[in-house]
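Here's the structure, in structure tokens; my notes come after.
The values are calculated or read from the model by the stated rules, or taken from the named source; none is laboratory data. Computed from a prediction, not measured in an experiment: that's the story for all the values here. Ideal geometry is used to build each Cβ from the backbone, glycine not excepted, and the neighbour counts take in all protein chains shown. We work out accessible area using only protein heavy atoms, side chains counted, and drop any ligands, DNA or RNA first. Shrake-Rupley method; radii C 1.70, N 1.55, O 1.52, S 1.80 Å.
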Amino acid sequence: MTVESTAARKPRRSSGTGTKRASAKKTAEPQPSGPDSPPHAGPGSEPQLVQLLSPEGERLDHPEYSALIADITPESLRGLYRDMVLTRRFDAEATALQRQGELGLWASLLGQEAAQIGSARALRDDDYVFPTYREHGVAWCRGVDPTKLLGMFRGVNHGGWDPSTNNFHLYTIVIGSQTLHATGYAMGVAKDGADSAVIAYFGDGASSQGDVAESFTFSAVYNAPVVFFCQNNQWAISEPTEKQTRVPLYQRAQGYGFPGIRVDGNDVLACLAVTRSALERARRGEGPTLVEAFTYRMGAHTTSDDPTKYRADEETEAWEAKDPILRLRRYLEREGQADEAFFAELDEESETLGKRVRDVVRAMPQPDAMAIFDHVYADGNALVDEERAQFAAYQASFADSGPAGSAEGDN
């Protein structure tokens, strides 16, 4: 699988054009704007957002955010491109492994690489990250071995990495709850007098959860140094964003008393600049910021989902034209900042990563079935002890069964 084929990979679609699909929402083309521009001029208008790199690969100037990436060198740009390509390759391998029965489930990030890589590369080592379950690119930037992300989806562990090693918390399956964890952690950071910041990742669907609203309240009242980074991929499984909110998501921050900003989530440079700004604001003691990265989920919500049942092919095709990886490649080629040798070397690195992921996953050992009881309570619990004994007896019953599934000796 080459870099180009990985970057341009499209989800499989149905050839039908049923009523439900034909009536799926149409998404307008994002346009660049300043942070204070009105997000909507009327029904069906084009969303306004911060953009520094056009879909055609042209650099755009912004009066506030261009200066925040003035230090970006050609080497840095190639590094961002490499991050996105290898993250997408890992994601593609994980999807394939699930289809082959090696993983129980997988949540793809296809199309959201720029939002994750751009925001994650804005972080310092001492900042702390609270992800959901789709932040594979953020994990990559924090130095978490990508194969460690797969243990939970294979069912062999509860996470697989030490959060304190990379300041990257375990994946959170309960939608939106990590924003409360992030807020509490950020309040602790402030009380300790540290100048680090905290970032919480969540999606547009999670923005409707009560935990997120509580997080906004507490972070605003206590001026917590936290950045809420919402990847608005426009579909909460089969629910479009307009069924969850009557205003752009970033505007919700106003009601809680802190700023919100919408950025082109397919523009890695804009995501880097906007997140840098929000993090620095947090470190200065100016409180939280809500960043809405306006992007698109080009694949399924998870491998158990079929997006062709609820959205139109035309919508997906329009967003594939704004692919975040192809966008940066066009810029690198336009400016002569990457040659064919670079892309060929990255191709080889991509292949090596894909093989390593496959080999590691297939070699993962079976988990200890009794381990689920080990860390429920710090000091033990009588009920858990009883449940452990019952489960041990249940497991032992399989060892006593004959080939036909009945106890040995039964005729």
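Tabulated data
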item: Residue check for residue 98: closer than 25 Å to residue 249 by Cα and touching a Ser or Thr at 6+ places or on another chain (Cβ under 8 Å); result: no
item: Extreme residue, surrounded by the most Cβ atoms within 10 Å (Cβ to Cβ), among residues of segment 69-80 that are over 20 Å from residue 277 (Cβ atoms) and under 23 Å from the mean Cα position of the chain (by Cα); result: 78
item: Options 172, 147, 165: the member that is surrounded by fewer than 24 Cβ atoms within 10 Å (Cβ to Cβ), over 19 Å from the mean Cα position of the chain (by Cα) and within 30 Å of residue 364 (Cβ to Cβ); result: 165
item: Among (1) surrounded by fewer than 17 Cβ atoms within 10 Å (Cβ to Cβ); (2) under 24 Å from residue 91 (Cα atoms), the one test that residue 244 misses; result: (2)
item: Per-region count, segment 264-280, residues among the charged types (D, E, K, R) and either under 19 Å from residue 179 (Cα atoms) or open to solvent by 10 Å² or more (accessible area, probe 1.4 Å) (or both); result: 2
item: Residue that is nearest to the chain's Cα centre (by Cα), among those in segment 328-367 that are under 18 Å from residue 150 (Cβ atoms) and assigned to a loop (DSSP other than H, G, I, E, B); result: 364
item: Which numbered condition residue 393 misses (of (1) surrounded by 12 or more Cβ atoms within 10 Å (Cβ to Cβ); (2) assigned to a helix (DSSP H, G or I); (3) at pLDDT 90 or above); result: (1)
item: Long-range neighbours under 8 Å by Cβ, at least six apart or interchain, first residue polar (S, T, N, Q) within segment 271-295, second open to solvent by 40 Å² or more (accessible area, probe 1.4 Å) and assigned to a loop (DSSP other than H, G, I, E, B); result: 277/64; 289/259
item: Tabulated pairs, segment 304-324, first more than 25 Å from residue 103 (Cβ to Cβ), second small (Gly, Ala, Ser), C-beta under 6 angstrom, 6+ apart or interchain; result: 312/24
item: Those helices (runs of 4 or more DSSP H) lying entirely in segment 109-200 with at least 3 residues of a type in the set (Val, Ile, Thr), closer than 22 Å to residue 281 by Cβ and modelled with pLDDT of 95 or more; result: 177-192
item: Within segment 122-137, considering residues that are hydrophobic (A, V, I, L, M, F, W, C) and buried (at least 24 other Cβ atoms within 10 Å of the Cβ), the one farthest from the chain's Cα centre (by Cα); result: 122
item: Segment 57-68 - residue that is out of contact with any Lys or Arg (no Cβ under 8 Å at 6 or more places or on another chain), closer than 15 Å to residue 264 by Cβ and not in a strand (DSSP E or B) and, of those, most open to solvent (accessible area, probe 1.4 Å); result: 61
item: Test: residue in segment 281-295 that is part of a loop (DSSP other than H, G, I, E, B), open to solvent by 10 Å² or more (accessible area, probe 1.4 Å) and under 22 Å from residue 116 (Cα atoms); result: no
